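Just below is one structure, and these are the notes that go with it.
The values are calculated or read from the model by the stated rules, or taken from the named source; none is laboratory data. Fair warning: this is a prediction, and the values are worked out from it, not measured in the lab. FYI the Cβ positions are ideal-geometry reconstructions off the backbone, even for glycines, and counts take in every protein chain you see. Note: accessible area is taken over every heavy atom of the protein model, side chains too, but ligands, DNA and RNA are not part of it. Shrake-Rupley method; radii C 1.70, N 1.55, O 1.52, S 1.80 Å.
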Amino acid sequence: MTVALILIPLAAALIVAVLPLPRRSTEALALGAALAELALGVVALIRFDTTKGVQFATDRLWFGDLVSKADARFSFGISGLSLFMVLLTALGVFSAIATAAWIGRARPRAYFSLLLMLEGALVLLFTARDLVLFYTGWEAMMIPLYVLIGVWGGRERRRATFTFFVYTLVGSLLMLVGVAWVGITQGTFELDALQNAGITDAGPFFLFAAAFCIKAPIFPLHGWLPLTYRESPIEVTALLSGVISKAGAYGLLAWALPLFKPVAEDYQWWFAGLALAGLVYGSLVAFRAPDARGVIAYSSLGQMNLIVIGIFALNADGFTGATFQMVNHGVASLAAFLLIGLVELRTGTDLFRWLGGLANRRAALSTVFLFATMFALAVPGSSTFVSELYILLGAFRFEPWLGAAAATGIVLAAMYMLRWYSGIAHETEGERVDPATPDLRPYELGIAVPLVLVLLAMSAWPSGVMERIVS
Amino acid sequence: MITLAADTVPVSWSAIAPEIVLLGCACALLCIAVFMPRGLARVASAGVAAGGFVAAMVVSVTQYEDTARYAFDHTLRIDSFGQAGRLVVFSAGLLAVLVAWGSPWLRDRAVECFALLLTAAAGMSLLVVANSFVTVFVALELFSLCLYVLVALDVDDLGSLEGGLKYLIVGAVGAALLLYGSALVYGATGAFEFDRIAEAVRAGDNRDPLLLTGLGLILVGLGFKANAAPFHMWTPDAYQGAPTAVTTFMSAATKAVALVTTLRVLVVAFPEQSELWTTLLAALAIASFVVGNLAALRQTDVKRMLAYSTIGHTGFLFTAVAAKSVLGTQALVYYLVVYAATNIGAFGIVAVREREIGRPVQIDDFRGYAYRRPVLGVAMIVFMLSLAGIPPTAGFIGKLTIFSAAVDSDLTYLAVAGVVATMVALVYYLRVPFAMLDREARVPIVRNRTGMVPASLAVAVSALAVLVLFFIPGPLLDVAKTAGQSLLGG
């Protein structure tokens with residue numbers, strides 16, 4: 001099962017790249033593969049047994065015996081957290097491919113092949129139970145990203161790629177040294193064996209934390225984020241914010257903390273403090289951003305830092321909230337960015353000064369936008385509200401005033417999200433908006449509505465997600 | 001005590017069987033040049049050269065055994081470490097023949113080219129099992145002289161001549177230093193054979209200035225061949241000027257034999273001075289990281305860029321040598337095989353593109369190439385990722401094993417330096433995939449496709465090797481481990 005989840009997108013990537021099909025067939029093939037992956041993910045969700053831990057496991061020797069130091073293994077398995085990360089990936093890539101097909105990207109075979117490759121790498125990373133394998137997925141996800149941004153990005157794509165590239169590589173190569181260190185000192189790369197390693201060396205912990213915190217990103221390691229989110233093709237931005245940033249949080253949760261528990265406790269304050277700064281900073285800048293992408297980009301920074309606060313509360317409530325928020329924020333920011341993409345397609349811009357008044361005569365568009373806004377600002381009753389509440393609860397348990405300070409993030413979220421919504425949908429009609437600008441077409445609704453439905457479903461039954469995710 | 005045992009040295013033909021095969025084929029080629037008409041000679045010479053390499057490979061594989069033995073008194077040491085080095089050389093030779101086939105410069109000089117290639121390979125093959133400084137020097141000169149000529153073989157091209165001349169002068173200096181160093185070590189210990197040097201050092205003064213000076217000079221001499229900074233200055237010109245098939249061979253084979261020899265000399269002959277040479281190697285490694293990668297950033301010519309990248313990789317290889325452990329040797333052998341496959345493939349693609357456009361290949365000449373030739377384009381991307389050490393390519397596992405060896409031998413700072421170097425390196429490696437996938441480029445159709453099949457085959461084989469060695473690295477790592485144990489014991 002797990003292996004199939006990894007191989008379907010990779011095989012599809014190869015087929016799409018090799019077969020000289022016309023555009024329509026390429027799109028259909030890529031979309032079909034993404035749908036199959038999503039369906040298989042749903043099957044895994046249904047068959048997932050909350051009473052067991054890691055499931056659908058496969059384990060075979062890869063290479064090893066580095067002079068009886070450590071074996072690297074092809075070891076995959078799905079934990080509760082992995083399950084939802086895989087589902088989020090499948091949903092995200094499906095929506096991204098659907099959007100890309102609608103926008104009509106140049107060189108479709110290469111483009112879709114890269115998106116599917118990215119999906120395969122992400123699933124590998126989320127299901128790996130071996131450190132070398134995890135690192136493989138981590139690095140393998142970067143390469144398609146660099147190319148997608150560097151080749152298909154906006155006008156400043158070269159600078160954006162370069163910045164993104166330098167930041168993320170610094171992190172991941174430092175992690176490689178950490179991987180070698182763990183293998184040599186612990187004699188194993190397996191997550192299950194390392195789970196209670198309780199390593200007390202701070203140096204290697206920071207080698208790992210650097211990679212994860214850059215990816216998430218934690219303040220002040222977010223320097224790559226604004227430019228990258230602005231210059232990437234919109235569906236790639238959606239994936240970056242919705243799925244790939246979660247890989248950073250996942251790395252912290254699933255690898256760095258279990259391996260280095262004592263060190264994490266020592267430095268708990270540093271991480272929680274920086275994340276708090278990031279939450280406030282991101283939220284404030286989001287409120288001042290002149291463009292729709294900028295608002296969601298910085299809000300994404302704030303939200304990821306909120307998740308990190310939940311993680312570094314280092315208690316059960318914090319973990320529950322952080323993991324659930326990873327899923328919620330993932331879907332919500334996918335929806336927000338893809339909707340911006342549909343607006344950009346109509347108006348050619350995402351600057352507020354050229355937008356506005358789209359709600360007028362465009363009922364479907366404004367409704368979907370409103371839903372996305374509501375979820376992003378965590379309106380009571382929404383799934384995001386539940387997860388943010390848990391994070392705050394965890395933060396209070398750890399240190400009351402940290403919880404109080406983090407709560408400001410939620411107030412700020414309401415401010416910038418309402419500004420975002422009204423900047424696009426309300427106010428006077430912008431320069432680039434004319435009466436002929438169409439409402440959402442049925443195909444576009446097909447992209448956006450499922451995301452909203454997923455969010456609604458999670459709001460209706462949050463415990464359904466949470467009991468699986470922490471199992 | 002000096003033992004001159006000229007009349008008692010037992011001759012062991014099997015120890016030099018691969019060299020005999022290769023030199024025999026080279027002689028056969030010279031006969032072909034005389035007795036056959038031009039056109040036929042060209043085809044026959046390629047066939048004989050390829051056959052020679054295959055035969056040498058078969059001979060080495062059938063002789064392959066885990067136990068080490070000395071031959072010709074102690075001048076040769078046939079062990080699986082040396083045998084692994086030999087196999088790298090022969091595979092590189094075979095693939096270089098494929099890459100060379102069909103090149104315009106080869107038209108009038110095929111026989112000479114292949115004869116020199118076989119002779120160079122024979123020299124290299126002897127060098128990797130050499131256990132005495134005399135043998136080292138003879139073998140080194142044998143293959144170096146052939147390479148000087150091979151680099152300058154395209155006499156119609158000024159760059160080729162320039163590269164050949166620079167290589168000749170700098171290479172001669174390097175060889176002279178090596179010889180001088182050997183003489184000093186002989187003066188201090190009374191022995192040329194590595195194991196006897198170590199014995200003499202253990203029995204005597206291991207801080208003898210004569211000995212240490214000799215060791216330093218030997219290291220410098222080997223550094224020239226291994227493209228280590230600051231002894232790298234011939235590399236860019238020679239690599240860029242040489243006919244691309246020759247560069248292919250040099251980058252894979254010369255590098256492998258230089259590193260194999262460096263490791264053997266240092267750990268077998270000078271184990272008592274290991275602290276000293278570890279520091280020296282670390283310094284050379286860091287210098288190579290800095291010089292190679294920073295200079296590569298500014299290159300637009302693909303061959304020149306890869307030449308500088310080769311200097312940068314010496315840093316990694318020296319890191320593995322400096323670990324001076326079985327794990328380090330294992331990492332070195334694995335990395336050398338992967339590195340050879342990667343470089344052969346990358347230069348092979350450059351050779352193909354060069355023939356398509358009829359001039360030296362700039363990075364811009366690859367714009368949109370992946371859309372025109374998907375297989376070669378994807379292969380080139382694979383090679384660049386492998387050089388950068390990014391999964392899913394074998395270069396990643398190579399880098400991981402080297403880092404493991406470094407951490408294991410308390411050389412973590414070298415691993416960190418390697419990480420920084422890789423970060424810089426990625427900037428220029430990834431330029432190639434970016435150009436390859438440029439969505440706006442229009443690549444004109446090229447009609448000149450004659451004789452591309454063998455070169456493409458070499459590229460495909462290399463790409464497959466780089467991918468397969470990622471997913472199934474076990475067998476090669478096992479071979480590398482026994483090679484390490486055969487050298488170091490344990």
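Just a few scattered comments:
- Within-14-Å neighbourhood charge of residue A:394 [Cβ basis; K, R +1; D, E -1]: -2
- Buried accessible surface for the B/A chain pair comes to about 3400 Å², total over both chains, computed with a 1.4 Å probe.
- Anisotropy class of region A:1-86 from Cα gyration tensor, a/c 1.5 cut: oblate
- Spacing of the modelled spin labels on residue B:64 and residue A:49, each 7 Å from Cα toward Cβ, amounts to 4.5 nm.
- Here residue A:3 and residue A:24 are evaluated by their C-beta separation; at R0 = 41 Å the FRET efficiency comes out at 0.85.
- Distance-filtered residues of region B:319-337 - backbone nitrogen under 20 Å, label point 7 angstrom along residue B:410 Cα→Cβ: B:319-329
- In nm, spacing of pseudo-spin labels at residue B:210 and residue B:298 (7 Å Cα→C-beta vector): 4.5
- For region B:207-252, the set of chymotrypsin sites (Phe, Trp or Tyr not before Pro) satisfying both a DSSP loop assignment and a count of at most 13 other C-beta atoms within 10 Å is empty.
- The angle separating the long axis of helix A:292-312 from the principal Cα axis of greatest extent in chain A is about 30 degrees.
- Packing, taken as the mean count of other beta carbons within 10 Å per residue, orders the peptides A:191-197, B:454-460, A:104-110 from highest to lowest as B:454-460, A:104-110, A:191-197.
- Rolling a 1.4 Å probe across the protein heavy atoms gives region B:1-120 an accessible surface of 45 Å² per residue.
- For trypsin sites (Lys or Arg not before Pro), the sites in region B:147-215 that DSSP calls loop and that have at most 14 other Cβ atoms within 10 Å are B:207.
- Look at the stretch A:54-64: the mean tally of other chain Cβ atoms within 10 Å of its residues' Cβ atoms is 2.
- Assuming charge only on the beta carbon of Lys and Arg (+1) and of Asp and Glu (-1), the dipole of the protein assembly as shown about its Cα centre is about 2280 debye to the nearest 20.
- Carbon + sulfur, % of accessible area of chain B - ligands and nucleic acids excluded, 1.4 Å: 68
- Only helical runs count toward this figure. For the protein assembly as shown, summing -39,500 (n - 2.57) over DSSP H runs of n ≥ 4 and dividing by all residues gives -24500 deg cm²/dmol at 222 nm.
- Relative contact order for region B:15-57: 62 percent, from Cα pairs under 8 Å spaced at least 6 residues apart, divided by residue count.
- Take each residue in B:404-411, count the other chain C-beta atoms within 10 Å of its C-beta, and the mean is 5.
- Per residue accessible area of chain A, 1.4 Å probe, in Å²: 32
- Residue list for region A:238-272, given a label point 7 angstrom along the Cα-to-Cβ vector of residue A:401 and an amide N cut-off under 20 Å: A:267-272
- Förster radius 30 Å - calculated FRET efficiency between residue A:42 and residue A:379, Cβ distance, rounded to 0.05: 0.65
- Mean separation of Cα contacts under 8 Å (6+ apart) over length of region B:334-478, as relative contact order %: 43
- For chain A, the carbon plus sulfur part of the accessible surface works out to 65%, probe radius 1.4 Å.
- Cα-Cα over 25 Å, subset of B:166/B:324; B:166/B:303; B:303/B:399; B:225/B:324; B:324/B:399: B:166/B:324
- Taking region A:1-149 and dividing mean pair separation by its residue count, relative contact order in percent (alpha carbons under 8 Å, at least six apart): 31
- Relative to the longest principal axis of the Cα atoms of chain A, the long axis of helix A:202-215 lies at roughly 20 degrees.
- For the peptide B:388-395, the mean number of other protein chain Cβ atoms found within 10 angstrom of a residue's Cβ is 5.
- A loss of 20 Å² or more of accessible area (1.4 Å probe, protein heavy atoms, ligands and nucleic acids excluded) relative to the isolated chain is seen in these residues of region B:422-437: B:423, B:426, B:427, B:430, B:434, B:437.
- The distance between label points at residue A:456 and residue B:14 comes to 8.1 nm (points 7 Å beyond Cα on the Cα→Cβ vector).
- Overall dimensions of region B:231-304, expressed as equivalent-ellipsoid semi-axes from the Cα gyration tensor (√(5λ), whole Å, largest first), are 28, 17, 7.
- Of all aspartates and glutamates in the structure, those lying under 16 Å Cα to Cα from residue B:481, and not within fewer than 8 positions of it along the same chain, are A:65, A:71, B:65, B:66, B:79, B:408.
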